[in-house]
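Right, one structure below, let's go through it.
Derivation of every value follows stated rules applied to the coordinates shown; laboratory data play no part. Source: prediction; values computed, not measured. Cβ coordinates were reconstructed from backbone atoms using ideal geometry, including for glycine residues, and neighbour counts include every protein chain displayed.
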Amino acid sequence: MSAFEPRIARDYLTPTGLPVRVTATMDAAIVLQSLSSDNRFTVPRSFPLELLKGGPAFVLRTRPYGKRSTQRSRYTLPLKPLAPLIDAMLLAGGKTMRGIVREVRRKASAACEGKDLNANVRARMYWFRRKGRSAHRDAQGRLQVR
């Protein structure tokens, strides 16, 4: 490090000529942000820095890594349908409503986002009844479709 202490939000040059901005100082390290690529990295306090004269010709973004888009990319795989998973568990029997919901959430967690799984299980039982099957609960509360 030079004879001076680097200050936060000041621009400096590394020995290789990379323009950086000091974003944080710690006991043994300095956090630098590259002005050319917005990458952040840590260096030891003894790292030599020169004061950048004239300043950069552009404005540094305060949040270089923005939020992720909430829209699904058109290249993502389609989500797993929940109905086959629920149907298989209802036909096999031996699981309570809570157990079925837990298993569905475990097997298709991305597809469950923002959905009422209890309502999905009830809807599948409704459609089984509409198709002429019967849905039963035993004494322990386990569901089965026959």
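Results, tabulated for the structure shown:
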read-out: Residues whose placed amide H lies under 5 Å from that of residue 11, excluding near-sequence neighbours; value: 52
read-out: Gain in span if fully extended, residue 118 to residue 131, counting 0.36 nm per residue against the direct Cα distance; value: 2.7 nm
read-out: For peptides 81-93, 121-133, sequence by mean Cβ density within 10 Å, most packed first; value: 81-93, 121-133
read-out: Protection proxy ranking of 97-103, 109-115 - average other beta-carbon atoms within 10 Å, highest first; value: 97-103, 109-115
read-out: Local electrostatic count, residue 42, Cβ distance below 14 Å [Lys/Arg +1, Asp/Glu -1]; value: +2
read-out: Phi to ³J(HN,Hα) by Karplus 6.51 cos²θ - 1.76 cosθ + 1.60 over segment 79-95, Hz, x for Gly, Pro; value: 6, 5, x, 7, 4, x, 5, 5, 4, 4, 6, 5, 5, 6, x, x, 10
